[in-house]
Amino acid sequence: MKAVILAAGEGKRMHPLTYTRPKVMLPLANKPILEHLLLEAREAGIREFVFVVGYHGDTVRNFFSNGDSWQVSIEYVTQRKQLGTTHALRMVERLVDGKFLLINGDVIVGEKDIRRMVAKNETTLSLVEVTSTQDLGVVEVEEGQVVRIHEKVAKPPSNLANAGLYLLTPDIFTAALRGRRSPRGEYEITDSLQVLIDEQHRVSYEVIDYWLDLSYPWDLLGGNEALMSKVVPQNLGQVEENAVISGLVSVGKGTVVRANSYIVGPVVIGENCEIGPSCYIRPSTSIGDNCHIGSAVEVKNSIIMRDSKIPHHNYVGDSVIGEGCNLGAGTKIANLRLDKKEIKAVGIDTGRHKLGAILGDGVQTGINASIDVGSLIGNDTYIGAGALASGVIAPNSRIFG
């Protein structure tokens with residue numbers, strides 16, 4: 001059986017991180033979202049994949065190539081205009097035979113749930129029970145079948161959300177020809193499935209156990225934390241005397257952990273990094289390749305992407321730092337409101353009491369710069385010495401104290 005993974009979208013709600021990469025390539029525990037999904041599907045027995053790519057498609061192609069490094073085969077289809085999931089589905093019809101899996105590339109589902117879906121012989125939706133249906137498609141079921149699929153309605157008829165994993169049969173291609181454009185101007189797989197339901201085709205469902213939905217940049221922190229619990233402790237680098245490593249910590253090849261560094265897992269550190277001396281790395285932190293975490297620096301519950309430098313007297317908490325960033329000496333990122341209330345970002349309740357900043361790629365700060373809670377900083381922005389950055393800042397901005 002083949003798995004078709006939809007990886008063409010930009011993920012605008014993930015700005016500023018997706019200005020420079022597709023959403024599916026955002027890292028969690030030092031692996032792209034799409035790699036986590038591929039590994040779960042591979043463990044479920046899937047060996048043949050079709051990736052539908054579009055926005056920054058070369059990023060996906062260059063990383064995964066033909067799949068040999070993962071002992072799978074990968075074919076690619078380019079969706080040059082992102083006109084919806086059904087539009088993407090039509091493009092892969094010639095590449096699949098019989099039943100197949102269709103998976104949204106920006107969610108992570110578990111191997112056991114994928115196995116249960118593979119065992120089905122009829123069109124099947126995966127559903128997940130949620131406490132809040134905001135921004136989610138909701139499914140109405142009756143006597144073991146799906147009767148209606150609702151897209152983001154004000155008064156949802158159930159708490160069963162569409163999890164973005166489907167077992168499909170060739171009937172879906174006929175239905176796809178009869179689907180209408182959504183109000184957003186796209187052809188959606190849910191509309192094609194509703195066509196099947198309305199024509200009395202049986203569409204069943206499976207409630208799954210494991211699901212990571214990643215809609216906004218701050219969702220990456222929860223996803224990172226969840227995946228870090230699976231860290232396999234290893235030291236492929238060099239740890240100097242008097243450095244303390246406690247808990248589940250993975251140190252990559254070529255990385256040096258210098259004296260008096262204190263690392264409490266779960267923590268993942270990539271290859272060729274320089275850590276310390278005398279830094280404090282706290283749980284649920286992932287650090288990409290070629291990073292520098294220097295003297296008197298504290299990092300907590302954060303994602304630091306590759307090639308970024310946090311070298312002198314910095315504090316980074318509950319934040320996502322993009323690739324190639326450099327924080328000047330004394331730069332601090334606030335992660336807690338003084339009134340301890342939940343933090344809003346871009347006018348949205350994040351549901352988090354602690355949230356630092358989201359920095360796009362190439363952000364640079366001068367000495368003693370400060371960044372306020374819940375700030376979103378566009379890529380290639382400069383924040384000058386002693387300046388305060390707050391709110392939503394466009395790419396290529398210049399902020400001076």
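The values are calculated or read from the model by the stated rules, or taken from the named source; none is laboratory data. None of the values given here were measured: they were computed from a predicted structure. In this analysis, Cβ positions are derived from the backbone assuming ideal geometry, glycine residues included, and neighbour counts consider all displayed protein chains.
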Looking at the structure I just gave you, is residue 166 among the hydroxyl-bearing types (Ser, Thr, Tyr), within 23 Å of the chain's Cα centre (by Cα), modelled with pLDDT of 90 or more and buried (at least 19 other Cβ atoms within 10 Å of the Cβ)? yes
Do you know which of the residues in the range 22-37 that are under 23 Å from residue 84 (Cβ atoms) and aliphatic (A, V, I, L, M) is farthest from the chain's Cα centre (by Cα)? 37
Going through the range 199-230 one residue at a time, which ones are acidic (Asp, Glu) and without any contact (Cβ under 8 Å) to a residue 12 or more places away in the chain? 219
Which members of the range 20-32 meet the condition of being in a helix (DSSP H, G or I) and in contact (Cβ under 8 Å) with a residue 60 or more places away in the chain? 23, 24
Counting only residues that are of a type in the set (Phe, Trp, Tyr) and part of a strand (DSSP E or B), which one in the range 33-73 is surrounded by the fewest Cβ atoms within 10 Å (Cβ to Cβ)? 49
Identify the single condition in (1) under 30 Å from residue 101 (Cα atoms); (2) buried (at least 17 other Cβ atoms within 10 Å of the Cβ) that residue 250 does not satisfy, given that it satisfies every other one. (1)
Return the residues of the range 10-19 that are in contact with a Gly (Cβ under 7 Å, 6 or more places away or on another chain) and outside any helix (DSSP H, G or I); say none if nothing qualifies. 16
Give the residue that is nearest to residue 27 (Cα to Cα), with candidates limited to residues of the range 66-109 that are more than 20 Å from the chain's Cα centre (by Cα) and of a type in the set (S, T, N, Q). 69
What number of residues within the range 296-320 satisfy the criterion of being without any contact (Cβ under 8 Å) to a residue 40 or more places away in the chain, part of a strand (DSSP E or B) and out of contact with any Lys or Arg (no Cβ under 9 Å at 6 or more places or on another chain)? 5
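Rundown of residues vs (1) among the charged types (D, E, K, R); (2) under 16 Å from residue 54 (Cβ atoms); (3) in a loop (DSSP other than H, G, I, E, B); (4) outside the structural domain of residue 38 (by TED's automatic domain parsing), yes/no style:
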| site | (1), (2), (3), (4) |
| --- | --- |
| 82 | no, yes, yes, no |
| 86 | no, yes, no, no |
| 97 | yes, no, yes, no |
| 101 | no, no, no, no |
Does residue 248 meet the test of being of a type in the set (A, V, I, L, M, F, W, C) and under 29 Å from residue 84 (Cα atoms)? no
Members of the range 350-374 found to be small (Gly, Ala, Ser), under 21 Å from residue 337 (Cβ atoms) and crowded, with 22+ Cβ neighbours inside 10 Å, listed by number: 356, 357, 369, 374
Can you tell which of 253, 230 is in a loop (DSSP other than H, G, I, E, B) and within 20 Å of the chain's Cα centre (by Cα)? 230
Restricting to the range 320-343, name every residue that is in contact with a strand residue (DSSP E or B) (Cβ under 7 Å, 6 or more places away or on another chain) and under 18 Å from residue 270 (Cα atoms). 320, 321, 322, 325, 326
Might you let me know whether the range 134-156 holds any residue that is closer than 20 Å to residue 90 by Cα, among the small types (Gly, Ala, Ser) and modelled with pLDDT under 90? no
Tell me, which residue of the range 253-265 that is small (Gly, Ala, Ser) and out of contact with any Cys (no Cβ under 7 Å at 6 or more places or on another chain) is nearest to residue 293 (Cα to Cα)? 259
